[in-house]
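Okay, so here's the structure we're looking at.
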Number of protein chains: 2
Amino acid sequence: MFKDKNMKQLDEEQKRIQETISKIKHRIAVFSGKGGVGKTTLSVNLAFCFRLEGFSTGILDADITGPNVAKMLDIHSDLIYLNEKIIPFEKSGVKMVSMASILTKGQPLIWRGPMRSKMINHFIANVEWDILDYLITDLPPGTGDEILTIAQEMRPDFAVIVTTPQEVSVIDAERAINMAKQMKIPYIGVVENMSGLICPHCNNVIDLFGIGGGKILAKENKVKFLGSIPMDINTRILCDKGQPVVLKEPSAEISESFKSIMKNIELIYKEKELFNIV
Amino acid sequence: MFKDKNMKQLDEEQKRIQETISKIKHRIAVFSGKGGVGKTTLSVNLAFCFRLEGFSTGILDADITGPNVAKMLDIHSDLIYLNEKIIPFEKSGVKMVSMASILTKGQPLIWRGPMRSKMINHFIANVEWDILDYLITDLPPGTGDEILTIAQEMRPDFAVIVTTPQEVSVIDAERAINMAKQMKIPYIGVVENMSGLICPHCNNVIDLFGIGGGKILAKENKVKFLGSIPMDINTRILCDKGQPVVLKEPSAEISESFKSIMKNIELIYKEKELFNIV
(Lines give C-alpha, C1' and ligand atoms only; values in the text may rest on other atoms or scores of the structure.)
Protein backbone atom coordinates (compact mmCIF):
# COMPACT_ATOMS: atom_id res chain seq x y z
CA MET A 1 0.00 0.00 0.00
CA PHE A 2 1.23 3.45 -0.83
CA LYS A 3 2.10 5.77 2.04
CA ASP A 4 3.23 9.34 1.62
CA LYS A 5 6.49 10.60 3.07
CA ASN A 6 4.95 12.26 6.12
CA MET A 7 3.06 9.15 7.14
CA LYS A 8 6.19 7.08 6.69
CA GLN A 9 8.16 9.46 8.90
CA LEU A 10 5.49 9.31 11.58
CA ASP A 11 5.49 5.51 11.44
CA GLU A 12 9.24 5.46 11.84
CA GLU A 13 9.05 7.88 14.76
CA GLN A 14 6.42 5.69 16.42
CA LYS A 15 8.70 2.69 15.96
CA ARG A 16 11.60 4.54 17.57
CA ILE A 17 9.36 5.70 20.45
CA GLN A 18 8.35 2.08 21.09
CA GLU A 19 12.00 1.04 20.99
CA THR A 20 12.99 3.77 23.46
CA ILE A 21 10.31 3.02 26.01
CA SER A 22 10.82 -0.74 25.74
CA LYS A 23 14.29 -0.16 27.20
CA ILE A 24 13.09 1.96 30.15
CA LYS A 25 11.83 -0.15 33.03
CA HIS A 26 9.95 2.52 34.97
CA ARG A 27 8.69 5.81 33.57
CA ILE A 28 7.70 8.34 36.22
CA ALA A 29 5.89 11.56 35.28
CA VAL A 30 6.10 14.40 37.80
CA PHE A 31 3.23 16.81 37.49
CA SER A 32 1.02 19.27 39.33
CA GLY A 33 -1.88 21.43 38.37
CA LYS A 34 -0.26 24.66 39.55
CA GLY A 35 3.17 26.00 38.72
CA GLY A 36 5.89 26.89 41.18
CA VAL A 37 5.16 24.05 43.59
CA GLY A 38 8.60 22.45 43.21
CA LYS A 39 8.15 19.88 40.42
CA THR A 40 11.63 20.42 39.02
CA THR A 41 13.34 20.39 42.44
CA LEU A 42 11.56 17.10 43.21
CA SER A 43 12.29 15.57 39.78
CA VAL A 44 15.98 16.36 40.01
CA ASN A 45 16.44 15.21 43.60
CA LEU A 46 14.37 12.04 43.09
CA ALA A 47 16.52 11.14 40.08
CA PHE A 48 19.70 11.43 42.15
CA CYS A 49 18.12 9.42 44.99
CA PHE A 50 17.48 6.57 42.55
CA ARG A 51 21.00 6.95 41.15
CA LEU A 52 22.56 6.86 44.62
CA GLU A 53 20.80 3.52 45.13
CA GLY A 54 22.62 2.22 42.05
CA PHE A 55 19.82 2.49 39.50
CA SER A 56 20.46 3.79 35.97
CA THR A 57 18.41 6.97 35.84
CA GLY A 58 17.48 9.76 33.44
CA ILE A 59 15.51 13.02 33.53
CA LEU A 60 13.51 14.33 30.59
CA ASP A 61 12.67 18.02 30.90
CA ALA A 62 9.27 18.13 29.19
CA ASP A 63 8.69 21.79 30.01
CA ILE A 64 9.36 23.02 26.49
CA THR A 65 8.75 26.76 26.96
CA GLY A 66 10.05 27.06 30.55
CA PRO A 67 12.79 24.43 30.93
CA ASN A 68 14.65 24.62 34.26
CA VAL A 69 16.20 21.16 34.70
CA ALA A 70 19.45 22.05 32.91
CA LYS A 71 19.89 25.13 35.12
CA MET A 72 19.30 23.07 38.28
CA LEU A 73 22.06 20.68 37.13
CA ASP A 74 24.39 23.49 36.02
CA ILE A 75 24.52 22.12 32.46
CA HIS A 76 24.83 24.90 29.91
CA SER A 77 26.17 23.17 26.80
CA ASP A 78 24.43 22.83 23.45
CA LEU A 79 22.69 19.60 22.52
CA ILE A 80 25.03 16.90 21.14
CA TYR A 81 23.95 14.79 18.17
CA LEU A 82 25.70 11.55 17.17
CA ASN A 83 24.45 9.49 14.19
CA GLU A 84 21.24 11.55 14.16
CA LYS A 85 20.58 10.69 17.81
CA ILE A 86 20.75 13.12 20.76
CA ILE A 87 23.31 12.09 23.36
CA PRO A 88 21.93 12.99 26.81
CA PHE A 89 24.12 15.01 29.16
CA GLU A 90 25.29 13.27 32.28
CA LYS A 91 25.75 14.65 35.80
CA SER A 92 27.01 12.31 38.51
CA GLY A 93 25.60 9.38 36.52
CA VAL A 94 22.15 10.83 35.81
CA LYS A 95 21.27 11.38 32.14
CA MET A 96 19.42 14.55 31.17
CA VAL A 97 17.84 16.15 28.12
CA SER A 98 16.24 19.61 28.17
CA MET A 99 14.99 22.18 25.67
CA ALA A 100 17.22 24.67 27.54
CA SER A 101 20.19 23.19 25.64
CA ILE A 102 18.68 24.48 22.38
CA LEU A 103 17.38 27.87 23.50
CA THR A 104 19.40 31.04 23.84
CA LYS A 105 19.29 32.48 27.36
CA GLY A 106 16.36 34.85 27.79
CA GLN A 107 14.85 34.09 24.39
CA PRO A 108 11.27 32.85 24.53
CA LEU A 109 10.04 29.86 22.59
CA ILE A 110 6.73 31.06 21.20
CA TRP A 111 5.32 27.73 20.07
CA ARG A 112 1.74 26.60 20.03
CA GLY A 113 0.80 23.16 21.40
CA PRO A 114 1.32 20.96 18.29
CA MET A 115 4.92 22.16 17.90
CA ARG A 116 5.64 21.56 21.59
CA SER A 117 4.20 18.05 21.34
CA LYS A 118 6.34 17.37 18.27
CA MET A 119 9.43 18.32 20.26
CA ILE A 120 8.48 15.95 23.08
CA ASN A 121 8.05 13.11 20.60
CA HIS A 122 11.47 14.00 19.23
CA PHE A 123 12.94 13.80 22.74
CA ILE A 124 11.42 10.33 23.26
CA ALA A 125 12.17 8.94 19.80
CA ASN A 126 15.59 10.34 19.10
CA VAL A 127 17.46 10.45 22.40
CA GLU A 128 20.01 7.72 23.10
CA TRP A 129 18.68 6.98 26.60
CA ASP A 130 19.89 3.38 26.35
CA ILE A 131 18.70 0.97 29.06
CA LEU A 132 17.33 2.78 32.13
CA ASP A 133 15.78 1.63 35.39
CA TYR A 134 14.04 4.98 35.90
CA LEU A 135 13.22 7.88 33.60
CA ILE A 136 11.71 10.85 35.39
CA THR A 137 9.79 13.31 33.25
CA ASP A 138 9.44 16.84 34.60
CA LEU A 139 6.25 18.30 33.12
CA PRO A 140 5.06 21.91 32.82
CA PRO A 141 2.13 23.00 35.04
CA GLY A 142 -1.47 22.56 33.93
CA THR A 143 -3.21 19.76 32.08
CA GLY A 144 -2.32 20.75 28.54
CA ASP A 145 -0.49 19.53 25.45
CA GLU A 146 2.83 18.37 26.93
CA ILE A 147 1.12 16.27 29.59
CA LEU A 148 -1.24 14.68 27.08
CA THR A 149 1.60 13.85 24.73
CA ILE A 150 3.75 12.36 27.49
CA ALA A 151 0.79 10.31 28.76
CA GLN A 152 0.03 8.98 25.29
CA GLU A 153 3.53 8.43 23.90
CA MET A 154 5.71 7.77 26.94
CA ARG A 155 3.01 5.75 28.74
CA PRO A 156 4.26 6.50 32.27
CA ASP A 157 3.62 3.86 34.92
CA PHE A 158 3.71 6.31 37.86
CA ALA A 159 2.27 9.80 38.22
CA VAL A 160 3.82 11.82 41.04
CA ILE A 161 1.58 14.80 41.75
CA VAL A 162 3.27 17.68 43.58
CA THR A 163 1.30 20.23 45.57
CA THR A 164 1.94 22.78 48.27
CA PRO A 165 -0.48 22.59 51.22
CA GLN A 166 -2.12 25.84 50.03
CA GLU A 167 -5.77 25.45 48.97
CA VAL A 168 -5.40 26.98 45.48
CA SER A 169 -2.57 24.52 44.82
CA VAL A 170 -4.52 21.53 46.17
CA ILE A 171 -7.48 22.38 43.90
CA ASP A 172 -5.23 22.27 40.83
CA ALA A 173 -3.48 19.12 42.07
CA GLU A 174 -6.85 17.36 42.33
CA ARG A 175 -7.37 18.09 38.63
CA ALA A 176 -3.95 16.58 37.94
CA ILE A 177 -4.85 13.41 39.91
CA ASN A 178 -8.04 13.01 37.92
CA MET A 179 -6.18 13.59 34.68
CA ALA A 180 -3.73 10.82 35.65
CA LYS A 181 -6.70 8.55 36.42
CA GLN A 182 -8.35 9.31 33.08
CA MET A 183 -5.02 8.66 31.34
CA LYS A 184 -4.97 5.26 33.09
CA ILE A 185 -1.53 5.79 34.65
CA PRO A 186 -1.30 2.69 36.90
CA TYR A 187 0.20 4.28 40.02
CA ILE A 188 -0.55 7.73 41.38
CA GLY A 189 1.02 9.34 44.43
CA VAL A 190 0.97 12.78 46.04
CA VAL A 191 3.95 14.73 47.43
CA GLU A 192 3.37 17.74 49.68
CA ASN A 193 6.09 20.31 49.10
CA MET A 194 6.87 23.53 51.00
CA SER A 195 5.34 21.90 54.04
CA GLY A 196 6.35 24.40 56.73
CA LEU A 197 9.49 26.54 56.94
CA ILE A 198 11.98 26.70 59.77
CA CYS A 199 13.02 30.28 60.57
CA PRO A 200 16.82 30.46 60.26
CA HIS A 201 16.85 33.15 62.97
CA CYS A 202 14.68 31.69 65.74
CA ASN A 203 14.21 28.05 64.60
CA ASN A 204 10.44 28.24 64.98
CA VAL A 205 8.26 26.59 62.31
CA ILE A 206 6.51 29.10 60.05
CA ASP A 207 3.24 27.94 58.57
CA LEU A 208 3.92 29.44 55.15
CA PHE A 209 1.39 27.60 53.00
CA GLY A 210 -0.35 25.62 55.76
CA ILE A 211 0.44 21.98 56.46
CA GLY A 212 -1.34 18.72 55.61
CA GLY A 213 -3.28 19.70 52.46
CA GLY A 214 -1.43 17.12 50.34
CA LYS A 215 -2.13 14.25 52.72
CA ILE A 216 -5.85 15.03 52.84
CA LEU A 217 -5.91 15.33 49.03
CA ALA A 218 -4.34 11.88 48.64
CA LYS A 219 -6.78 10.32 51.11
CA GLU A 220 -9.86 11.93 49.53
CA ASN A 221 -8.83 10.81 46.07
CA LYS A 222 -7.76 7.33 47.18
CA VAL A 223 -4.19 7.64 45.92
CA LYS A 224 -0.93 7.07 47.79
CA PHE A 225 0.62 9.80 49.92
CA LEU A 226 4.35 9.60 49.22
CA GLY A 227 5.58 12.10 51.81
CA SER A 228 6.13 15.75 52.52
CA ILE A 229 9.13 18.02 52.01
CA PRO A 230 9.79 21.08 54.19
CA MET A 231 10.63 24.43 52.67
CA ASP A 232 14.37 24.91 52.87
CA ILE A 233 16.27 28.04 51.95
CA ASN A 234 19.56 26.21 51.53
CA THR A 235 17.98 23.87 48.94
CA ARG A 236 16.81 26.90 46.95
CA ILE A 237 20.30 28.42 47.03
CA LEU A 238 21.84 25.10 45.92
CA CYS A 239 19.20 24.81 43.15
CA ASP A 240 20.17 28.21 41.78
CA LYS A 241 23.81 27.02 41.76
CA GLY A 242 22.91 23.80 39.94
CA GLN A 243 23.67 21.54 42.89
CA PRO A 244 20.96 19.06 43.93
CA VAL A 245 20.77 18.98 47.74
CA VAL A 246 20.70 15.16 47.92
CA LEU A 247 24.13 15.11 46.23
CA LYS A 248 25.62 18.07 48.07
CA GLU A 249 24.24 17.45 51.56
CA PRO A 250 23.01 13.85 51.59
CA SER A 251 22.44 13.75 55.33
CA ALA A 252 20.41 17.00 55.59
CA GLU A 253 16.83 16.62 56.83
CA ILE A 254 15.41 17.63 53.46
CA SER A 255 17.59 15.03 51.69
CA GLU A 256 16.09 12.42 53.98
CA SER A 257 12.62 13.56 52.89
CA PHE A 258 13.51 13.06 49.21
CA LYS A 259 15.00 9.63 49.97
CA SER A 260 11.92 8.58 51.89
CA ILE A 261 9.70 9.52 48.91
CA MET A 262 11.97 7.54 46.59
CA LYS A 263 11.75 4.53 48.93
CA ASN A 264 7.96 4.79 48.96
CA ILE A 265 7.84 4.79 45.16
CA GLU A 266 10.18 1.78 45.03
CA LEU A 267 8.04 -0.02 47.60
CA ILE A 268 4.88 0.50 45.54
CA TYR A 269 6.60 -0.93 42.48
CA LYS A 270 7.87 -3.86 44.50
CA GLU A 271 4.56 -4.51 46.22
CA LYS A 272 2.77 -4.75 42.95
CA GLU A 273 5.54 -6.90 41.49
CA LEU A 274 5.45 -4.62 38.52
CA PHE A 275 8.58 -5.90 36.89
CA ASN A 276 7.29 -6.24 33.37
CA ILE A 277 5.80 -3.01 32.22
CA VAL A 278 6.36 -3.19 28.48
CA MET B 1 -18.22 36.24 -2.70
CA PHE B 2 -19.29 32.97 -1.14
CA LYS B 3 -18.14 32.22 2.37
CA ASP B 4 -18.85 28.97 4.19
CA LYS B 5 -20.53 28.89 7.59
CA ASN B 6 -17.33 28.43 9.57
CA MET B 7 -15.62 31.38 7.95
CA LYS B 8 -18.69 33.50 8.55
CA GLN B 9 -18.73 32.53 12.24
CA LEU B 10 -15.05 33.40 12.56
CA ASP B 11 -15.63 36.76 10.89
CA GLU B 12 -18.47 37.49 13.28
CA GLU B 13 -16.33 36.49 16.24
CA GLN B 14 -13.56 38.79 15.06
CA LYS B 15 -16.09 41.61 14.78
CA ARG B 16 -17.28 41.00 18.32
CA ILE B 17 -13.67 40.84 19.59
CA GLN B 18 -12.99 44.22 17.99
CA GLU B 19 -16.15 45.62 19.54
CA THR B 20 -15.20 44.31 22.99
CA ILE B 21 -11.68 45.68 23.01
CA SER B 22 -12.75 49.02 21.55
CA LYS B 23 -14.69 49.58 24.78
CA ILE B 24 -11.77 48.73 27.09
CA LYS B 25 -9.39 51.64 27.58
CA HIS B 26 -6.41 49.77 29.01
CA ARG B 27 -5.74 46.07 28.65
CA ILE B 28 -3.11 44.75 31.04
CA ALA B 29 -1.73 41.22 30.68
CA VAL B 30 -0.10 39.73 33.78
CA PHE B 31 2.40 37.04 32.93
CA SER B 32 5.54 35.29 34.02
CA GLY B 33 7.67 32.56 32.60
CA LYS B 34 7.45 30.36 35.68
CA GLY B 35 4.35 29.26 37.56
CA GLY B 36 3.64 29.85 41.23
CA VAL B 37 5.21 33.29 41.37
CA GLY B 38 1.99 35.03 42.37
CA LYS B 39 0.44 36.15 39.07
CA THR B 40 -3.12 35.54 40.25
CA THR B 41 -2.59 37.23 43.63
CA LEU B 42 -1.15 40.26 41.84
CA SER B 43 -3.88 40.33 39.15
CA VAL B 44 -6.66 40.21 41.72
CA ASN B 45 -5.17 42.80 44.08
CA LEU B 46 -4.19 45.15 41.24
CA ALA B 47 -7.75 45.01 39.93
CA PHE B 48 -9.14 46.05 43.32
CA CYS B 49 -6.54 48.81 43.64
CA PHE B 50 -7.76 50.29 40.36
CA ARG B 51 -11.39 49.84 41.49
CA LEU B 52 -10.70 51.56 44.83
CA GLU B 53 -9.42 54.55 42.82
CA GLY B 54 -12.82 54.71 41.10
CA PHE B 55 -11.94 53.02 37.81
CA SER B 56 -14.25 50.48 36.17
CA THR B 57 -12.24 47.28 36.22
CA GLY B 58 -12.46 43.65 35.15
CA ILE B 59 -10.36 40.48 35.43
CA LEU B 60 -10.22 37.83 32.74
CA ASP B 61 -8.85 34.51 34.01
CA ALA B 62 -7.03 33.24 30.92
CA ASP B 63 -5.59 30.21 32.68
CA ILE B 64 -7.95 27.73 31.04
CA THR B 65 -6.68 24.48 32.57
CA GLY B 66 -5.70 25.86 36.01
CA PRO B 67 -8.09 28.75 36.72
CA ASN B 68 -7.71 30.20 40.25
CA VAL B 69 -9.18 33.71 40.01
CA ALA B 70 -12.72 32.62 40.93
CA LYS B 71 -11.43 30.81 44.03
CA MET B 72 -9.46 33.90 45.10
CA LEU B 73 -12.66 35.95 44.84
CA ASP B 74 -14.79 33.27 46.52
CA ILE B 75 -17.10 33.06 43.48
CA HIS B 76 -18.41 29.53 42.98
CA SER B 77 -21.49 30.00 40.79
CA ASP B 78 -22.00 28.68 37.27
CA LEU B 79 -21.53 30.98 34.29
CA ILE B 80 -24.56 33.16 33.51
CA TYR B 81 -25.64 33.70 29.90
CA LEU B 82 -28.06 36.44 28.82
CA ASN B 83 -29.00 36.91 25.15
CA GLU B 84 -26.12 34.62 24.17
CA LYS B 85 -23.65 36.79 26.08
CA ILE B 86 -21.79 35.84 29.27
CA ILE B 87 -22.56 38.19 32.16
CA PRO B 88 -19.39 38.62 34.22
CA PHE B 89 -19.57 38.04 37.96
CA GLU B 90 -19.01 41.08 40.15
CA LYS B 91 -17.23 41.34 43.48
CA SER B 92 -17.04 44.73 45.16
CA GLY B 93 -17.42 46.36 41.75
CA VAL B 94 -14.79 44.30 39.90
CA LYS B 95 -16.06 42.16 37.01
CA MET B 96 -14.66 38.66 36.57
CA VAL B 97 -14.88 35.73 34.16
CA SER B 98 -13.10 32.42 34.73
CA MET B 99 -13.14 28.91 33.28
CA ALA B 100 -13.57 27.75 36.89
CA SER B 101 -17.26 28.69 36.60
CA ILE B 102 -17.68 26.00 33.94
CA LEU B 103 -15.53 23.21 35.39
CA THR B 104 -16.56 20.76 38.07
CA LYS B 105 -14.30 20.90 41.13
CA GLY B 106 -11.34 18.55 40.77
CA GLN B 107 -12.13 17.62 37.17
CA PRO B 108 -9.30 18.32 34.74
CA LEU B 109 -9.79 20.05 31.42
CA ILE B 110 -7.70 17.96 29.06
CA TRP B 111 -7.63 20.29 26.09
CA ARG B 112 -4.87 20.83 23.59
CA GLY B 113 -3.82 24.36 22.63
CA PRO B 114 -6.28 25.14 19.79
CA MET B 115 -9.30 24.39 22.04
CA ARG B 116 -7.88 26.54 24.84
CA SER B 117 -7.32 29.41 22.40
CA LYS B 118 -10.87 29.04 21.13
CA MET B 119 -12.16 29.41 24.69
CA ILE B 120 -10.11 32.58 25.20
CA ASN B 121 -11.53 34.06 22.01
CA HIS B 122 -14.99 33.16 23.31
CA PHE B 123 -14.24 34.99 26.57
CA ILE B 124 -13.16 38.12 24.67
CA ALA B 125 -15.89 38.06 22.03
CA ASN B 126 -18.90 36.95 24.04
CA VAL B 127 -18.56 38.47 27.51
CA GLU B 128 -20.60 41.56 28.31
CA TRP B 129 -17.66 43.49 29.76
CA ASP B 130 -19.26 46.80 28.79
CA ILE B 131 -17.09 49.93 29.07
CA LEU B 132 -13.99 49.38 31.23
CA ASP B 133 -11.06 51.53 32.22
CA TYR B 134 -8.91 48.50 33.00
CA LEU B 135 -9.15 44.84 32.08
CA ILE B 136 -6.51 42.69 33.74
CA THR B 137 -5.82 39.33 32.14
CA ASP B 138 -4.30 36.67 34.35
CA LEU B 139 -2.33 34.29 32.11
CA PRO B 140 -1.04 30.76 32.71
CA PRO B 141 2.73 30.29 33.10
CA GLY B 142 4.99 29.74 30.09
CA THR B 143 5.02 31.27 26.65
CA GLY B 144 2.42 29.04 25.00
CA ASP B 145 -0.97 29.13 23.32
CA GLU B 146 -3.01 31.22 25.77
CA ILE B 147 -0.41 33.99 25.86
CA LEU B 148 -0.09 34.06 22.08
CA THR B 149 -3.84 34.22 21.65
CA ILE B 150 -4.24 36.99 24.21
CA ALA B 151 -1.39 38.96 22.62
CA GLN B 152 -2.91 38.63 19.16
CA GLU B 153 -6.61 39.03 19.91
CA MET B 154 -6.77 41.18 23.05
CA ARG B 155 -3.85 43.36 21.98
CA PRO B 156 -2.77 44.31 25.53
CA ASP B 157 -1.10 47.70 25.98
CA PHE B 158 0.80 46.72 29.14
CA ALA B 159 2.64 43.52 30.02
CA VAL B 160 3.24 43.08 33.75
CA ILE B 161 5.87 40.38 34.23
CA VAL B 162 5.89 38.76 37.67
CA THR B 163 8.96 37.02 39.05
CA THR B 164 10.31 35.92 42.38
CA PRO B 165 13.91 36.99 43.06
CA GLN B 166 15.01 33.35 42.63
CA GLU B 167 17.34 32.76 39.65
CA VAL B 168 15.28 30.01 37.99
CA SER B 169 12.28 32.31 38.09
CA VAL B 170 14.22 35.31 36.74
CA ILE B 171 15.48 33.21 33.80
CA ASP B 172 11.90 32.35 32.80
CA ALA B 173 10.75 35.95 33.39
CA GLU B 174 13.41 37.17 30.96
CA ARG B 175 11.86 34.91 28.31
CA ALA B 176 8.46 36.46 29.12
CA ILE B 177 9.89 40.00 28.71
CA ASN B 178 11.32 39.11 25.33
CA MET B 179 8.05 37.51 24.31
CA ALA B 180 6.22 40.74 25.23
CA LYS B 181 8.78 42.70 23.17
CA GLN B 182 8.34 40.40 20.17
CA MET B 183 4.58 40.72 20.52
CA LYS B 184 5.05 44.50 20.41
CA ILE B 185 3.19 45.13 23.68
CA PRO B 186 3.86 48.88 24.15
CA TYR B 187 4.61 48.95 27.89
CA ILE B 188 6.44 46.30 29.85
CA GLY B 189 7.08 46.32 33.58
CA VAL B 190 8.49 43.88 36.13
CA VAL B 191 7.10 43.11 39.60
CA GLU B 192 9.24 41.25 42.13
CA ASN B 193 7.04 39.06 44.30
CA MET B 194 7.91 37.05 47.42
CA SER B 195 10.65 39.56 48.09
CA GLY B 196 11.66 38.56 51.62
CA LEU B 197 9.50 37.13 54.39
CA ILE B 198 9.08 38.51 57.89
CA CYS B 199 9.16 35.75 60.52
CA PRO B 200 5.91 35.97 62.49
CA HIS B 201 7.76 34.68 65.57
CA CYS B 202 10.90 36.85 65.74
CA ASN B 203 10.13 39.59 63.15
CA ASN B 204 13.46 39.06 61.39
CA VAL B 205 13.52 39.14 57.58
CA ILE B 206 14.03 35.71 56.01
CA ASP B 207 15.73 35.73 52.63
CA LEU B 208 13.46 33.04 51.18
CA PHE B 209 14.07 33.47 47.46
CA GLY B 210 16.76 36.15 47.64
CA ILE B 211 16.02 39.84 47.10
CA GLY B 212 16.55 42.17 44.13
CA GLY B 213 16.49 39.72 41.19
CA GLY B 214 13.47 41.43 39.65
CA LYS B 215 14.99 44.91 39.78
CA ILE B 216 18.20 43.73 38.09
CA LEU B 217 16.14 41.89 35.47
CA ALA B 218 14.18 45.07 34.64
CA LYS B 219 17.35 47.14 34.39
CA GLU B 220 19.19 44.64 32.21
CA ASN B 221 16.26 44.35 29.83
CA LYS B 222 15.52 48.09 29.79
CA VAL B 223 11.95 47.76 31.03
CA LYS B 224 10.27 49.50 33.99
CA PHE B 225 10.57 48.13 37.49
CA LEU B 226 7.12 48.52 39.01
CA GLY B 227 7.89 47.51 42.58
CA SER B 228 8.33 44.57 44.90
CA ILE B 229 5.90 42.72 47.16
CA PRO B 230 6.98 40.97 50.34
CA MET B 231 5.90 37.43 51.11
CA ASP B 232 3.02 37.60 53.56
CA ILE B 233 1.38 34.64 55.26
CA ASN B 234 -1.79 36.57 56.04
CA THR B 235 -2.27 37.40 52.34
CA ARG B 236 -2.01 33.69 51.50
CA ILE B 237 -4.62 32.82 54.14
CA LEU B 238 -6.95 35.56 52.85
CA CYS B 239 -6.39 34.32 49.26
CA ASP B 240 -7.50 30.83 50.21
CA LYS B 241 -10.63 32.37 51.75
CA GLY B 242 -11.36 34.41 48.62
CA GLN B 243 -10.63 37.78 50.24
CA PRO B 244 -8.16 40.06 48.45
CA VAL B 245 -5.88 41.68 51.04
CA VAL B 246 -6.23 45.18 49.56
CA LEU B 247 -9.98 45.00 50.26
CA LYS B 248 -9.76 43.30 53.62
CA GLU B 249 -6.77 45.12 55.09
CA PRO B 250 -6.21 48.21 52.94
CA SER B 251 -3.65 49.76 55.26
CA ALA B 252 -1.45 46.67 55.65
CA GLU B 253 2.13 47.04 54.38
CA ILE B 254 1.52 44.54 51.58
CA SER B 255 -1.59 46.45 50.46
CA GLU B 256 0.58 49.56 50.19
CA SER B 257 2.95 47.58 47.91
CA PHE B 258 0.09 46.66 45.57
CA LYS B 259 -1.17 50.26 45.55
CA SER B 260 2.29 51.57 44.74
CA ILE B 261 2.56 49.20 41.76
CA MET B 262 -0.86 50.34 40.55
CA LYS B 263 0.23 53.98 40.87
CA ASN B 264 3.38 53.25 38.87
CA ILE B 265 1.34 51.67 36.08
CA GLU B 266 -1.05 54.65 36.06
CA LEU B 267 1.90 57.01 35.95
CA ILE B 268 3.39 55.28 32.93
CA TYR B 269 0.08 55.55 31.09
CA LYS B 270 -0.21 59.21 32.05
CA GLU B 271 3.38 60.03 31.17
CA LYS B 272 2.98 58.65 27.71
CA GLU B 273 -0.39 60.35 27.32
CA LEU B 274 -1.66 57.05 26.11
CA PHE B 275 -5.31 57.95 26.12
CA ASN B 276 -6.29 56.60 22.73
CA ILE B 277 -5.30 53.01 22.44
CA VAL B 278 -7.86 51.67 20.00
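The values are calculated or read from the model by the stated rules, or taken from the named source; none is laboratory data. The structure displayed is predicted, hence computed values, not measured ones. Reconstructed Cβ throughout: ideal geometry from the backbone, glycine too, with neighbour counts over all protein chains shown. To get the accessible areas, we keep the full protein, side chains included, count just its heavy atoms, and leave off ligands, DNA and RNA. Shrake-Rupley method; radii C 1.70, N 1.55, O 1.52, S 1.80 Å.
Observations on the model:
- Taken over the stretch A:65-80, the criterion of being closer than 28 Å to B:Asp145 by Cβ, touching a Phe, Trp or Tyr at 6+ places or on another chain (Cβ under 9 Å) and of a type in the set (Gly, Ala, Ser) is satisfied by A:Ala70 alone.
- Residue match in the stretch A:239-260 (condition: under 16 Å from the mean Cα position of the chain (by Cα), modelled with pLDDT under 95 and under 22 Å from A:Lys34 (Cα atoms)): yes
- Tally of residues being open to solvent by less than 20 Å² (accessible area, probe 1.4 Å) and not small (Gly, Ala, Ser) across the stretch A:41-74: 18
- Among (1) in contact with a Pro (Cβ under 7 Å, 6 or more places away or on another chain); (2) modelled with pLDDT of 95 or more, the one test that A:Ile59 misses: (1)
- Within the stretch A:202-219, restricting attention to residues that are among the charged types (D, E, K, R) and more than 9 Å from chain B (Cβ to nearest Cβ), the residue that is farthest from B:Cys202 (Cα to Cα) is A:Lys219.
The rows are residues; the columns are (1) more than 19 Å from B:Ala180 (Cβ to Cβ); (2) part of a helix (DSSP H, G or I); (3) of a type in the set (A, V, I, L, M).
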position	(1), (2), (3)
B:Lys15	yes, yes, no
B:Ala29	no, no, yes
B:Lys34	no, no, no
B:Asp74	yes, no, no
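- The set of residues in the stretch A:122-139 being out of contact with any strand residue (DSSP E or B) (no Cβ under 6 Å at 6 or more places or on another chain) and open to solvent by less than 10 Å² (accessible area, probe 1.4 Å) consists of A:Ile124, A:Ala125.
- Residue ID - farthest from A:Arg112 (Cα to Cα), chosen from residues in the stretch B:79-101 that are assigned to a loop (DSSP other than H, G, I, E, B) and open to solvent by 80 Å² or more (accessible area, probe 1.4 Å): B:Asn83
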